[in-house]
Structures are given as C-alpha cells and as structure tokens.
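Below is one structure, written out as structure tokens; comments come after it.
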Ligand code: SF4
Ligand code: SF4
Ligand code: SF4
Ligand code: SF4
C-alpha cells in the first residue's frame, strides 16, 4: 500500500470511532425532538438558514468571537486551538492534493504528510505550503501553552476561578495538550534527519540533530503523535470536549428556530453537552459573590450531564439571566434550570377557592402586583400620576388581587400557574381595556409571555414616559444625582433599558455605574431562588449596591418593587421607584434639595446571622 | 385543622372534635425533612406577619403560621390539601422579620409529598 504504515492505526481507528459515535448520537437526538421541532428542521433545511448556521459555526466554533468579546486572552486561546487546527487540516489537505494529484488519498496522508514525504518534495506553491504549516503549528502551540498556563494560573485570564476536571476529561485533556508538541517533535526529528523543514521544524531539526540520536527517535515520535490523536478522539465523547462537535450541531438546530422547551429533549441534550466549561459564567453568576460553591451554570450543566443533579442545586438560581448574557455558547440556562424543578413537585395547586371577581370597564387597566402592595409608596405614586393625567383606569388589584402566576412558573409549576393566569386574564379581557400597565417587572414578563392578551402591555416606566411625552403630566427637573438599577426582569427579561433612564433625565441627573444595562447585577432577592438564605442574598445585595454607588449618587432609582425593598434594607442610600420620582417631580418646585431622611436607619442583620448559626448546627 | 365536618351541631350546641395533641400518633418526619431543607424555619417567632399579608389566607383558612404550627406538632394530616392553596407569591417571605425563607418551606413540603417516603402521611 502506498500510504500505509502501522503507526497510523491509532489515529485511523480513533477517527472512525468518533465519526460513527457522533453520527449515531446526533441521530438519536434528532429522533427525540418533539414533532414541531422536526418540522422546523425540515422546513429550514434548504433555506438560507443553513447558510447562516454555517457562518455562525465559523464565527463561534472556530473564531470564538463571543469568548473574545468577554475575555480576549481566553478568546485567543480557544481560537488558536480551533482555528489553527482547522487551518492545519485544510491547508494540509490542499497541499497533499496538489502534490499527489490524487483526490482520494486517505485522510491520514495529509496528517502525516511529513512522514511519508520527509524530503519536502516540490509542488505547486509548495514553499508557501511549508511556511504555512509551520506557522499554523506555532499558532496552535501558543494556544496550548496558554491552556497549560491557565490550568495552573487562571488569574491572567481575569477569571477568579477555573472549572474542575474529572477523570475522563483529564485523559482527553492530556492527549490534547500532547498532540501538538508531539507533532512538533516528530516533524522536527524527521526534518533534522533529512535536512528539510521550514523555519520552525527545520531549525529545531538542526538543533536536535546536534545532540540526539534522531534515527532512533523518529519512528517512536510518529507513533506518539498518532497515539495522542487516537486517544483524544476516543476520549472526546466521554469528556468535556464533546462540546466542540456538539456546539456546531446546536448552532444548526438553533438556526432552524428550535428553542428549549418545558421538558428535556434532544435539543436540551445538545445544549447541555455544548457547554465548553469555559468558566466565564462562574465569575458572572452572583451566586459566586454569595459564596455558593458549585452552583453556577457550568456545575449545574455538568451535574445534569452526569445525572447527578441534586434538588438543592436545581433550586439555587436567581433566574437573573446574567450568565446567559455572557455565555459564549448561548445556552438557555434559565430555561434549563426550570425543567428539573418541575420534576420535584406535583404541580397540582388548586385555586378553586378564588371568587368570581367583578370587572370594570376602563381604557387602561393598572395591575400593581403583589410586590407593589408591599411597597405602598409606589402604589400611591402611580395613583397620583394616573389621576393627574386624567386617565380612565381601573386598578385591578386595588384590594389585594391574585398573583400573576410567575412565581409558580419559577417553581416549575406551569399547570398550577395556568389557573391564576386564566383567572387574571379573564378579568383583564372583560374590562375591554386597550392598555395594561403594571408596576412589577415580574408580572410584566408573564403578561407578555403567557397571557396571550390582545392589549398593549406596558411597564409603568414606559407608560409614564408616554404620558410625559404627550404632555399629560409635566415634570420639574431637580438637581438630584440619580443612579439607576436595572431590574433583571425588566432589563434582560423584557429588554427595557431606555425608558426609565429617559424619565430619570427628566427628573434629575442620571449618573452611570459600573455594571449597567445587560450587565446589571441582580439585587439578590429574586423569586427565582428558593435555596438562597437571607444572609447569602444580603451579600449579593451589598455587592450590587457598592457597584451602583460608584458614581456617588444622591438617590438610587429602580423600577421594580422587589429591588426597591431589597436595597432599602441596607439603609445606605434612599431608594426610589421611577413612579415615585415622577410623582415627586410633578409636584415639586424647581431646584429643590433632595430629601435624604425617609429611609430606615438600621437594617435587620440580627435575623440573618442567626440563620448562619443554625445552618451550621443542623448540617 | 377545623373543617366544617368537625363541627356537628346537635341540639343547638356545637360539638368540636377533641384538640388534644397526641405526640405519639403525630408524625414529625415531615417536619425534620423540611427543617433540613430550610433551616431558617426554626427562626420563626410566630408573629403572623406572613399570614396578615397572604393572599390565599384572605380566601381560605390556609396560612403560613398555622401550617408551621401543625407541621411542628406533626399534625400533617390535612397539610397536603391545604398547601395547594399557596400561590408561592413570596409576600410572606418579604415581610417576615426573621428572614424565614417561607417559599422554600412550602416548596420543600410539596417535594416531600411527591416523594414515596412521605406518601403515607397524606
Ligand atoms: S455555561 Fe456557557 S459560560 Fe458557562 S462554562 Fe458553559 S459555555 Fe462557558
Ligand atoms: S440566572 Fe443568574 S443566578 Fe442563575 S445561574 Fe445564571 S447568573 Fe447565576
Ligand atoms: S412572618 Fe416570619 S416569623 Fe412571623 S410567623 Fe411568619 S414566618 Fe414566622
Ligand atoms: S407564598 Fe403562599 S403563603 Fe406566602 S403569601 Fe403567597 S400565597 Fe401566602
């Protein structure tokens, strides 16, 4: 056989193994997709979607654009490995085709070209070819060097912590680290013997020839290279490196419009295995600030993959969505976090006791929400504003009302939530209103996503801004310096960032803070987390407050009653809702001095310390 | 748990079922499970803040303070049914002066009732 030598066997076997394995696995996932998703694939396959998926694969899986954005050094590491290897294979193949003029030369011929043609034969563009091959190898080796360095010193990557490895990963990892140094050695040894090679392998060859018995080392080094490749390929499906092929698969599915559902499916499987364990989410998730170990998305996904997920971990997530904003793979972590929750409860609440409530006809329905009822200042301000603007409105839950259903959804109880949704939905529908306004971003999101209402759904910040712009209320700008906290559910949850800011600029001066908009921090009191103790939540709140205070503001503004209540507890700075600021600016005189005393002096730390003690006693 | 069936009217007098607490018959396993999952329950001082704010308590005789008392005593016979009234809205958690994570208490109970270990207490 022309292109054969026994040392290629580990590589070839590994390659065929991984190829078969992945094809079978992906076929099973596709088979497990729900029917509507399969139809989406069928419809999208011969359209531009396939093309854009290919483009995305190139940008994300090879260039790692998103990792670059978050962290350039980490991005370079990923890119040099992925892109470098891809180029090495691509140009290697082109080179062999150009040389052998045989389109069907076997795969390993390109990989081990130097072994089969040690004398660097000449062919079309061969000079460029040898130069490029050395360059790509060097490119990859810098990436490997960084990876090794990262294992031991993760600080230079700006990451506080790096992910832990399991045994299967260690195998694949060591193989991956060894592949390219072995290639370098094998090619250098061969070059040294045959006086060939370009700037890298050539000079190293001369160097090694000076003091090493190259005849004896050449052949074993090719074996080592092939073995490293083979081991890597065989270990890949059982290690974190499955993410490399799986992410590409995921990108295609996503481009056909498939989304994470309420149950585990082939798609969520692909998402779980696509996590590259880059560790970006560890620093971005505020559970880290709270001191919760091993609760961040990367660990959650790892436990899901290993079927080791504990109820504690399933319930410990704020659902703030910060991780998703940074995750380079774009995994729908929030949604995945909810699926196991559903498996923990029976989801059989019974709200048959709710009375048949009366509706009132009105132009606008105002739904304050449970949390607003616990912050009466917002309620009062809203009434003030609506009256002043002479709106024909109905305050739906003036006497308490019924929960919007979102807290139940966050507990994974979709069916139970449905009952509440249907109840409120009927009330809103019967009122004949055209606009539904709510003060609570938590309600806002569920109104938009689950209520399927035929009315315009607005958060009060949007509605108030509209009233101001239409001249229905007039505001006096004051001298107050105001920092704004983006509530998770309003910002990342519903994409509303500008309306509250515009309003603030009409009532005072907006000062920026460290973490804003998409990167905003969670206040820590989210309804998404069931496990977080009061003490842990407090850490998160204090950390967020510090970051918000960087501009030294007089007042902290927010547009969520829950955030307001949480931050007020610290007693550091007056916290006001957008509605309250507006109501004040409506009545106040120009240039009035900001009030500073209407916030509690003391916080309630005594209760939280006791929780820590008790937890220690019990566990 | 006083339900209408417990009060039978005879000759114009209400007969209430005995309210003796029989600790031997009561089941504290559930309570242990919940406390293990949510230790902050032990901080409760029974102030009733949670109950005053609870939406479900406005319509039914379910409320968190009562639920906690019954759970502690091990009188868990009607708990599963009454718990279905809770909307998990979290108002109780927000007003609690002791930082009791009430939502997780209720969720832990829901979990317990789904698990076979506790099914005989239903
Ligand atoms: S979840 Fe996303 S950000 Fe976190 S480790 Fe995985 S890929 Fe990275
Ligand atoms: S949603 Fe928030 S709390 Fe949950 S894992 Fe993501 S960053 Fe962490
Ligand atoms: S508000 Fe808190 S301390 Fe008071 S009864 Fe309810 S759970 Fe107990
Ligand atoms: S979470 Fe349940 S117990 Fe607490 S206030 Fe809401 S309905 Fe009542």
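Quick rundown of the values:
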quantity: Three semi-axes of the equivalent ellipsoid, the range A:195-324, Cα gyration tensor, whole Å, largest first; calculated: 44, 19, 15
quantity: FRET E, pair residue A:69, residue B:52, Förster distance 56 Å, beta-carbon r, rounded to 0.05; calculated: 0.70
quantity: The range A:501-558: relative contact order as a whole-number percent, Cα under 8 Å and 6+ apart; calculated: 41
quantity: Virtual spin-label span in nm between residue A:572 and residue A:43, 7 Å along Cα→Cβ; calculated: 5.0
quantity: Length added when fully stretched, residue A:479-residue A:546, from 0.36 nm per residue minus Cα-Cα; calculated: 21.9 nm
quantity: Shielding by partners, peptide A:526-532 (average Cβ within 10 angstrom, other chains); calculated: 4
quantity: Solution diffusion estimate, µm²/s, Stokes-Einstein, the range A:262-344, Kirkwood Rh from C-alpha pairs, 20 °C, viscosity 1.002 mPa s; calculated: 170
quantity: With eigenvalues of the C-alpha gyration tensor scaled by 5 and rooted, the range A:64-183, Å; calculated: 33, 16, 12
quantity: Cα extents of chain B along the three principal axes, largest first (Å); calculated: 48, 32, 23
quantity: Protection proxy ranking of B:95-101, A:117-123 - average other beta-carbon atoms within 10 Å, highest first; calculated: B:95-101, A:117-123
quantity: Rg/Rg_globular for the range A:364-467, with Rg_globular taken as 2.2 N^0.38 Å and Rg from C-alpha atoms; calculated: 1.01
quantity: The protein assembly as shown: antiparallel DSSP beta bridges as a percent of all, rounded to 5; calculated: 10
quantity: Efficiency of FRET from Cβ geometry, residue B:25 and residue B:66, R₀ 22 Å, rounded to 0.05; calculated: 0.70
quantity: Within 10 Å of each Cβ in B:96-108, the average number of Cβ atoms from other chains; calculated: 5
quantity: Rough spin-label spacing in nm, given labels placed 7 Å along Cα→Cβ, for residue A:294 and residue A:35; calculated: 4.2
quantity: Two-site FRET efficiency, residue A:361 against residue B:45, from Cβ-Cβ distance with R₀ of 60 Å, rounded to 0.05; calculated: 0.85
quantity: Inter-label distance for residue A:101 and residue A:502, nm, one decimal - labels placed 7 Å from Cα along Cα-to-Cβ; calculated: 7.0
quantity: 0 to 90° range, to nearest 10: angle between helix A:35-44 axis and chain A longest Cα axis; calculated: 60
quantity: Alpha-carbon spread of the range A:475-589, three principal axes, descending order, Å; calculated: 46, 29, 23
quantity: Sum of -39500 (n - 2.57) over DSSP H runs of 4+, divided by residues of chain B (222 nm, nearest 500); calculated: -11000 deg cm²/dmol
quantity: Over chain A: Kirkwood hydrodynamic radius from C-alpha pairwise inverse distances, Å; calculated: 28.0
quantity: Rounded tilt (10° steps) of A:333-344 against the dominant C-alpha axis of chain A; calculated: 70
quantity: Value of [θ]222 nm, deg cm²/dmol, for chain A, DSSP H segments ≥ 4, -39500 (n - 2.57) each, nearest 500; calculated: -17500 deg cm²/dmol
quantity: Cα-derived Rg to Rh of the range A:288-392, Kirkwood definition; calculated: 1.15
quantity: Net length gained if the chain between residue A:194 and residue A:215 were fully extended (0.36 nm per residue, minus Cα distance); calculated: 6.5 nm
quantity: Other protein chain Cβ atoms within 10 Å, averaged over every residue that makes up B:78-90; calculated: 6
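A short reminder: the numbers here are calculations on the coordinates, not readings from a lab. The structure displayed is predicted, hence computed values, not measured ones. All Cβ positions, glycine included, derive from the backbone under ideal geometry; neighbour counts span all protein chains shown.
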